[in-house]
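One structure below.
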Amino acid sequence: MIELYREIWKRRDLINYMVVGQQQAAVFKSMLGGLWHVLVPLAQTGIYYFLVAVVFSAGGAKASLSFIMIMMGILHYALFYHVASFVQPAIHGNASLLLQIKLEPILLVAAGFVRSLRIWNVGIVIYFIFFFALGGTIGMKALAYPFLLLLLLLLAWVMGLLVSTAAVFVRDIERLLPILLQILMYASPVIYPVSFYPDRYLQLFLLNPFASIFALFHWSILGAEFDVWFPLSVIVAWVLIGLLVTHAFYAWGRQRFTKVI
Amino acid sequence: MSGRINLENVSIRFRMSYHKISSSTQALAEIGRRITRRWQPEYFTALDNVSLSIGNGDIVGVIGRNGSGKSTLLRTVSGIYYPDKGSVSVTGRVSALLQLCTGFNTQLSGRENIVLGGLTLGLDQVQIREQIGQIIEFAELGEFIDVPMRYYSSGMMSRLSFAMVVSMEPDILLIDETLSVGDLEFQNKSQKAMGRLIEKATCQMIVSHSLDTIRSLCTRVILVESGKIVMDDKPDVVVKEYIQSARVEGETTMAAQVNALLPGGGALQ
């Protein structure tokens, strides 16, 4: 496992060049080009805000707070959608390259992940601009945000490596993943507060790693009050077990990739 | 075995493509059939118990009919395929020239693709910077080098790819088929460059259908048939045997075809 990360670090220039090439291809003949990375998250936030806060009058808070909460959820959760788009096809989408050159497939996964991060970063910056512009304030709990962000990235990496490996063998993943992500989004406090969960079942809901990490964002940024140790333990356990299982699966798969792609 | 390339009892098999699982429905159905022992997947053995040792100074030609396992052998040596049985050990930096234009991104310029291609092949930025001028000059692309590659003709792409290939300094060189590209003048230039590349590498494997190339370049030739090495000897001996077996088979096939066309099955021997 360590060897793989050493290889990623050693070949970071290649990963960056791959990302640049993919980005240029993505904006080819697009009039708005990279501006879409700003417009899409704003539009998504607007749509969900209208649905949740206006149509269903949910959230039980003033409008700007609901908007900040929904924006935080949507823009942070977008990372998983980017991973589904760019990381999931990273191995089987580069079949011709892998059949001609000896290349560690995890580099392609890393390139897809870096591309996802670059687009996702734009949304996070937009979020904090809106957060402060709408009067949001942060307290001491915000110091935990970088650590929570790291956990979110690790969870996304685990998911990316898992689905990119699995998609080589079963292409249904490509169709299934966006549906699963949508279900997980509604099952997690992405567009609604943690208080929506019935107290009796709170821990049950928080066993879902997505629910745990977003509950912790609510605690860190929006000041939600609950016992953080349980969701923190859940997310750390999911990340650690996920890393081990996913790497074992990748190690099994990498000897078979070129025979089945 | 103490060569730079050692293969010991290597076997590689592939699932027949029409049995590949591409959906979870198929996967579930197959699991069901497997449990009930109604069906087992079919496999195609591409390399069958192959043992081979190639040392310093060897230039090994690999010949055989289409689908005999030559390219699989090269891909196994280069580490692209993992063997199902046996072991492969390769000592030294391997450059496998299996196909031109691999890894190019047509949205990037020729110059950017040189960097991307170099990085893909395992060079670092410094090595690429040292060679980039030489590559551009060899490819004869002039001002097009900074133009996105989508505007290149296929010949221009091949020339650039070839220029990158010959700029490398591998210990072990694996070449699949003749890499002749461009117009006549460029072909002459590329053949000379390829000769220099072959001189630089300490050992090589060359897969080619051009028996003249094999005879003139190689110090040793192996004949591959149905995934097995059936002959490993001096170029003249192996090439002669290969031509003879191909001729016999060609005559037999032609006789069978003529017989089938004749009324009543025919009797042409």
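The values are calculated or read from the model by the stated rules, or taken from the named source; none is laboratory data. Here the structure is a predicted model, which is why all the values come from computation and not from measurement. Positions of Cβ are generated from backbone atoms using ideal geometry, with glycine treated the same way; all protein chains shown enter the neighbour counts. Surface accessibility is based on the protein's heavy atoms, side chains included, excluding ligands, DNA and RNA. Shrake-Rupley method; radii C 1.70, N 1.55, O 1.52, S 1.80 Å.
Laid out as a table, the results:
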read-out	value
Net lengthening on full extension, residue A:138/residue A:51 (0.36 nm per residue, minus Cα-Cα)	28.7 nm
For the stretch A:2-260, radius of gyration divided by Kirkwood radius, i.e. Rg to Rh on alpha-carbons	0.98
Choice from A:160, A:33, A:242 showing the highest fluctuation, given a GNM over chain A with Cα pairs closer than 10 Å	A:33
1.4 Å probe, heavy atoms, protein only - residues of the stretch A:168-186 losing at least 40 Å² accessible area vs chain alone	A:172
Cα convex hull volume per residue for chain B (Å³)	209 Å³
Accessible surface, the stretch A:2-260, averaged per residue in Å² (probe 1.4 Å)	47 Å²
Residue B:68 - accessible surface, heavy atoms, 1.4 Å probe, Å² rounded to 10	10 Å²
Threshold 30 Å², the stretch A:95-119 residues less accessible with all protein chains present than alone (1.4 Å probe)	A:97, A:99, A:100, A:101, A:102
At least 20 Å² of accessible area lost relative to the chain alone, listed for the stretch A:1-49 with a 1.4 Å probe	A:11, A:13, A:14, A:17, A:21, A:24, A:25, A:28
Among A:218, A:76, A:37, residue whose mean-square fluctuation peaks in a GNM of chain A (springs only between Cα atoms under 10 Å)	A:37
Inter-chain shielding of A:247-257 (mean C-beta neighbours from other protein chains, 10 Å cut-off)	1
Other protein chain Cβ atoms within 10 Å, averaged over every residue that makes up B:107-113	3
Accessible area, probe 1.4 Å, largest first, for residues B:189, B:228, B:85, A:259	B:85, B:228, B:189, A:259
With every protein chain in place, chain B: carbon and sulfur % of accessible area (1.4 Å)	50 percent
Calculated [θ] (222 nm, deg cm²/dmol) that DSSP helices of n ≥ 4 give over chain A, each run adding -39,500 (n - 2.57)	-22500 deg cm²/dmol
Label-to-label distance, nm, for residues given as residue A:175 and residue A:42 (7 Å Cα→Cβ offset)	3.6 nm
Residue-averaged beta-carbon neighbours from other chains (10 angstrom radius) around B:71-84	3
Whole-number accessible area per residue in Å² for the stretch B:53-146, which is evaluated in the context of all protein chains at 1.4 Å	42 Å²
Chain B - mean residue ellipticity at 222 nm from DSSP helices (-39,500 (n - 2.57) per run, n ≥ 4, rounded to 500)	-13000 deg cm²/dmol
Residue among A:212, A:116, A:233 with the largest mean-square fluctuation in a Gaussian network model of chain A, springs linking Cα atoms under 10 Å	A:233
Global geometry of the protein assembly as shown, whether rounded, prolate or oblate, following the gyration tensor of its Cα atoms and the 1.5 cut on a/c	prolate
Calculated FRET efficiency for the pair residue A:10/residue B:15, C-beta based, R₀ 30 Å, to 0.05	0.35
Solvent-accessible area buried by pairing A with B, both sides, nearest 100 square angstrom, 1.4 angstrom probe	2600 Å²
Sequence ranges A:145-157, B:124-136, ranked by mean other-Cβ count within 10 angstrom, highest first	A:145-157, B:124-136
Length added when fully stretched, residue B:49-residue B:91, from 0.36 nm per residue minus Cα-Cα	13.0 nm
Per-residue SASA entry for residue A:140, accessible area with 1.4 Å probe, Å² rounded to 10	150 Å²
Inter-centroid distance (Cα atoms) of the stretch A:78-137 relative to the stretch B:149-218, Å	37 Å
Carbon plus sulfur fraction of accessible area for chain A, probe 1.4 Å, in percent	70 percent
Nearest-10 value in Å² for the accessible area of residue A:3, using the 1.4 Å probe	120 Å²
